[in-house]
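Trainee: Below is the structure I would like to discuss, written out as structure tokens.
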Amino acid sequence: MLRRAFPWFALLFAVIPPLANAQEARTRVTILGVEHAAQLVAEKDQPGMLAAWLDLVKPAAVCIERPPEQASRQDYYEFTYEIQGIVLPWAAKNATELCPIDWMPPVDDQLLGFGVDLDMPLEVRKTQGFRGFLTFPDRKILDWDFFSADDPATLAPLQKWANEPAPRADRDLPRRLYLYRTFMQAQRVRAIARKRKGETVLVVVGYFHKPDIEAILKHDPAIELVPAASLGRPDDAAVRAATTAEHRGAILAFNLLGMQATTGVVDWGWVERVLADFAGEAPSHEARLFQTRYRVLTGKISLGEAARSYTTIAEDAASAEPFGWTGVKDKSRIDSFFDPFGNLDVRQRARVELARTLLAEGKDVRAQQVLDTLAATLSPRKALQLHGYAPLLKPVATAAKAP
């Protein structure tokens, strides 16, 4: 059997491109490991930090975590805020090449292995966990630093998991898939590096892929791996200058309107500063909604005051305007990856928050009337999802109050 297999392996290695001449200019490859969407909760990893760092590094190409086929249709993972919210706008502004490098199994294989299409959310998502809304329930996330993935201690638990097969082989698919997927990511980075000799290629990828990609590429003499942290850190002025209104709106929406608020894991001081910058001297309807929700969550106003504020916004026809950022992928749905009601305009969302406040006051009948009135203005699918998510508006024993 081995003798018969040998010609096949010989052919495989024969078609692998030869290694580059060591005298040729090497491509500098920097792998920035990220915690997906942590930019929205960790001040030391905030959106303006990545935007300012891109200005500092000025890569010739940026590799992003999405398979080429989906990326060609502008179809990205819901949870990769760092791509849609930061990298894509920066690349468009700076005319920089985007290179999708991810690999995922075909849907048929996903169904065989996991029983689900991993890109397809449930009609009514779970509150948390697999196929649920994205939240960061561990307070450690608030200390996540822009260069955390350059710290070996951050990567050690992942490397241990990757190197140890599951006790049962029939439950080892996630690890096996991770290894193959990361190998293919590295190969795509290698192919891009060959086209960018003497230039800098940046890879923005989930930090759990970083060590294996580096282990695979470090043997290529045509590639010089450059640690991300060695390229410098933007100062506070640069971060502030690179922060946009869309960045601030995303931070506020995630922490105040999304499911993150229910965890209580929020950097309230940072959110307060972001809110002040976002609102400015003449707050928009969106800013007023954020301000009211912030004051409720931090106990700065009574429920009655909040209800009056939400009512004022909801009764103003001019508030029927979209949020500056929503993270919504499927516009036929009412939700986003982090917020059960993320695909509503400001006026509609004010009605949801009014209903939430009325429920907290024990005025359940009035709250239901508000939701029924809103549902009547929505498509049948959105209306069904509104009612499906309505129980999440009821008060819980542990409120997300600031200390």
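Derivation of every value follows stated rules applied to the coordinates shown; laboratory data play no part. Here the structure is a predicted model, which is why all the values come from computation and not from measurement. Cβ placement follows ideal geometry from the backbone for every residue including glycine, while neighbour counts extend to all protein chains displayed.
Trainee: Which number do you get for Rg(Cα) / (2.2 N^0.38 Å) in the stretch 88-208?
Mentor: On the way: Rg = 17.6 Å, N = 121, 2.2 N^0.38 = 13.6 Å.
Dividing the Cα radius of gyration by 2.2 N^0.38 Å gives 1.29.
Trainee: Using the Cα centre as the reference, give the magnitude of the dipole from point charges on the C-beta atoms of the chain (Lys, Arg: +1; Asp, Glu: -1; all else neutral), rounded to the nearest 20 debye. Numbers along the way, then the final one.
Mentor: Working: 50 positive and 50 negative charges, 125 e Å.
Magnitude of the dipole: close to 600 debye.
Trainee: Students often check this: by mean Cβ neighbours within 10 Å, which of 162-173, 96-107, 323-334 ranks highest, and how do the rest follow?
Mentor: Values: 162-173: 10.4, 96-107: 17.2, 323-334: 18.8.
Sorting 162-173, 96-107, 323-334 by mean packing, highest first, produces 323-334, 96-107, 162-173.
Trainee: What residue among 271, 337, 369 has its Cα farthest toward the positive end of the dipole of the chain, where the charges are +1 on Lys, Arg and -1 on Asp, Glu, each on the Cβ?
Mentor: With unit charges placed on the Cβ atoms, the residue in question is 337.
Trainee: Rounded to the nearest 500, what is the 222 nm mean residue ellipticity of the chain from helices alone, with -39500 (n - 2.57) per DSSP H run of 4+ residues and division by all residues?
Mentor: When only DSSP H runs of four or more count, the value is -13500 deg cm²/dmol.
Trainee: Can you compute 3J(HN,Hα) from phi for each residue in the stretch 124-137, using the Karplus curve 6.51 cos²θ - 1.76 cosθ + 1.60 with θ = phi - 60°, rounded to whole Hz and x for Gly and Pro?
Mentor: Here the 3J(HN,Hα) series is 10, 5, 6, 5, 7, x, 4, 6, x, 5, 6, 9, 10, x Hz.
Trainee: Another question about this same structure. Please work out which option in (i) 21.3, 75; (ii) 23.7, 81; (iii) 21.5, 68 gives Rg and Dmax of the Cα atoms in Å calculated from these coordinates, and answer with its label.
Mentor: (ii)
Trainee: Can you spot the aspartates and glutamates whose alpha carbon is less than 16 Å from residue 382's alpha carbon? Ignore those fewer than 8 places along the same chain.
Mentor: Cross-link targets: 123, 330, 335, 339, 345, 372.
Trainee: Could I ask something else about it? With +1 on the Cβ of every Lys and Arg and -1 on the Cβ of every Asp and Glu, and nothing else charged, how large is the dipole of the stretch 129-248 about its Cα centre, in debye rounded to the nearest 20?
Mentor: On the way: 20 positive and 16 negative charges, 113 e Å.
Charge dipole of the stretch 129-248: 540 debye, to the nearest 20.
Trainee: If you wrap the stretch 223-277's Cα atoms in a convex hull and average its projection over all directions, what's the area in nm²?
Mentor: Numbers: hull surface 23.4 nm².
For the stretch 223-277, the mean projected area of the Cα convex hull comes to 5.8 nm².
Trainee: Rounded, prolate or oblate: which fits the stretch 162-243 when a ≥ b ≥ c are the square roots of the eigenvalues of the alpha-carbon gyration tensor, with rounded for a/c under 1.5 and prolate only if a/b beats b/c? Walk me through the numbers on the way to the answer.
Mentor: Details: a/c = 2.88, a/b = 1.57, b/c = 1.84.
Cα axes put the stretch 162-243 in the oblate bin.
Trainee: By the gyration tensor of its Cα atoms, with a ≥ b ≥ c the square roots of the eigenvalues, what is the shape of the stretch 258-319: rounded for a/c under 1.5, prolate for a/b over b/c, or oblate?
Mentor: oblate
Trainee: Express the relative contact order of the chain as a whole percentage, based on alpha carbon pairs under 8 Å and six or more residues apart in sequence.
Mentor: Values: 574 pairs, mean separation 89.2, N = 403.
For the chain, the relative contact order is 22 percent.
Trainee: If you find the alpha carbon centre of the stretch 83-158 and of the stretch 23-82, how far apart are they in angstrom?
Mentor: Spelled out, the Cα-based centre of one part sits 12 Å from the other.
Trainee: I would also like to ask the following. Counting pairwise Cα distances across the stretch 287-390, what percent come out greater than 23 angstrom?
Mentor: On the way: 1204 of 5356 pairs.
It works out to 22 percent of all Cα pairs.
Trainee: Gaussian network model of the chain, Cα springs within a sub-10 Å range: biggest mean-square fluctuation belongs to which of 66, 175, 196?
Mentor: 175
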